[in-house]
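Trainee: Mind looking over this structure? Questions follow.
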Amino acid sequence: MVYVKRIVLDVLKPHQPNALEFSQAIAEVGVDYRVRLTVLEVDENTETLRVEVEGGAIDFEAIQSAISGMGGSLHSIDEVEVQSETDVD
Amino acid sequence: MSLLNQARFLLRITGTHDIVRRYFVVNGFDGALTMLGLIIGFHVSAHADLSIIINVCLGAAIALGMSGVSSAYVSEVAERKRALRKLEEAMISDLNKSTHGKAARLAPLLIALVNGLAPLIISLLILTPLWLSNTGVTLPVSPLYVAIMIALLLIFLLGVFLGRIADISWLRSGIQTLLVALVTAALIYLFTVQ
């Protein structure tokens, strides 16, 4: 089974919720997610972010849904790190 | 997230936190001054039956509440829709299903409730001594005097609240609003036929 371990996203979001609430909401998607958010650009109504998520098995769909739920828009997936692991049943 | 925190969050992301506070003070002040005016009006008039005074004041309080709810709701729905559309244009996406869409639908309801409940609750507090007296509770002074005192106290407290928001002397701010109420009372005494 291939697991996504790290993902770097380019995201556009409104000023609210703020960067702290935004990253917390993404981290809440998984039990072991570690989120690093960098604000790259600030416009009149929006902010461009670099969001890096690390975890044991990242659920991309759930992260995308959390981002759009907070009014954000995913522009691109800039980096991905995946790992193949043997499932132990 | 608790209901109160959720309401705070929705008000914050729509930038309406300060609007709610302003509406609370403005309409609360309206409610208190209206009750003060009515009660002083009855006080200077020929002795009216307490139940008539209560019904007139209650009618005015309900009307103030309904006016507060409906006017704020109609205007805030329009404002929030406009703000959401502006944000959607900046984001180039549909935000209806996002927190922003939800906030744009719920914030007008919250604002309308505060705008309507502030004058209603303040009016009901002012009317309390009249009810008590009407149900047979003996007050040390006339219930109209107690109601006037409560109105002045609530107006002073609204001033204190404003002072705390502005981070200025709460006493000075409270006295300022109290002066407005006293001038209103003086004008009523001056212009009503006794």
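Trainee: As an exercise, use a Förster radius of 30 Å and the Cβ-Cβ distance of A:D59 and B:R82 to find the FRET efficiency, rounded to the nearest 0.05.
Mentor: That pair, A:D59 with B:R82, gives E of 0.25.
Trainee: Tilt of helix B:3-13 relative to the longest C-alpha principal axis of chain B, in degrees (0 to 90, nearest 10)?
Mentor: 70 degrees
Trainee: Further question on the same structure: Would you mind giving the mean number of other chain beta-carbons within 10 Å of the Cβ of each residue in B:89-100, as a whole number?
Mentor: 5
Trainee: How would you rank A:22-35, B:101-114, highest first, on the average number of other Cβ atoms within 10 Å across their residues?
Mentor: Output ranking for A:22-35, B:101-114: B:101-114, A:22-35.
Trainee: Taking 0.36 nm per residue of sequence separation and subtracting the Cα-Cα distance, how much length would be gained by fully extending the chain between B:S75 and B:V137, in nm to one decimal?
Mentor: Full extension of this stretch gives 18.0 nm more.
Trainee: Now for a different question. If I histogram all Cα-Cα distances within the stretch B:1-89 using bins 5 Å wide from 0, what percent of pairs lands in each bin?
Mentor: Calculated over all Cα pairs of the stretch B:1-89, the distribution is 3, 11, 15, 17, 14, 12, 9, 7, 6, 4, 2, 1, 0 percent.
Trainee: What angle do you read, to the nearest 10 degrees and between 0 and 90, between the alpha-carbon axis of helix B:50-91 and the longest principal axis of chain B?
Mentor: Compared with the principal axis, the helix lies near 20 degrees.
Trainee: Another one. Among B:N96, B:L117, B:L154, whose Cα projects farthest towards the positive end of the dipole of the protein assembly as shown, with charges put on the beta-carbon of Lys, Arg (+1) and Asp, Glu (-1)?
Mentor: The residue sitting farthest along the positive end of the dipole is B:L154.
Trainee: Right, something else. I'd like the distance between the alpha-carbon centres of the stretch A:29-51 and the stretch B:39-91, rounded to an integer number of Å.
Mentor: 42 Å
Trainee: Counting Lys +1, Arg +1, Asp -1, Glu -1, what net charge surrounds A:I26 among other residues with beta carbon under 12 Å of its beta carbon?
Mentor: -2
Trainee: Further, regarding this structure: Tell me, in nm to one decimal, what length is gained between B:R12 and B:E89 on full extension, where the rule is 0.36 nm per residue of separation less the Cα-Cα distance?
Mentor: Net length gain for the segment: 25.7 nm.
Trainee: Kirkwood Rh, Cα Rg: Rg to Rh for the protein assembly as shown?
Mentor: Numbers: Rg = 27.2 Å, Rh = 22.7 Å.
Taking Rg over the Kirkwood Rh, I get 1.20.
Trainee: In the stretch B:64-101, whose amide N lies under 11 Å from the spot 7 Å out along Cα-to-Cβ of A:N45? List them in ranges.
Mentor: B:82-95
Trainee: First obtain the Kirkwood hydrodynamic radius of the stretch B:54-194 from its Cα pairs, then insert it into the Stokes-Einstein equation at 25 °C and 0.890 mPa s, and state the resulting D in µm² per second as a whole number.
Mentor: It diffuses with D of about 135 µm²/s by this estimate.
Trainee: What nm distance separates the two modelled labels at B:L3 and B:R164, each placed 7 Å from Cα along Cα→Cβ?
Mentor: 2.3 nm
Trainee: Same structure, new question: Using the basic label-point model (7 angstrom from Cα toward the beta carbon), what is the A:V31 to B:T128 distance in nanometres?
Mentor: 5.1 nm
Read-outs throughout are calculated quantities, based only on the coordinates presented, and are distinct from any laboratory measurement. In this text the structure is predicted, and so the values were computed from the model without any measurement. Using ideal geometry, Cβ is built from the backbone for each residue, glycine included, and neighbour counts are taken over all protein chains shown.
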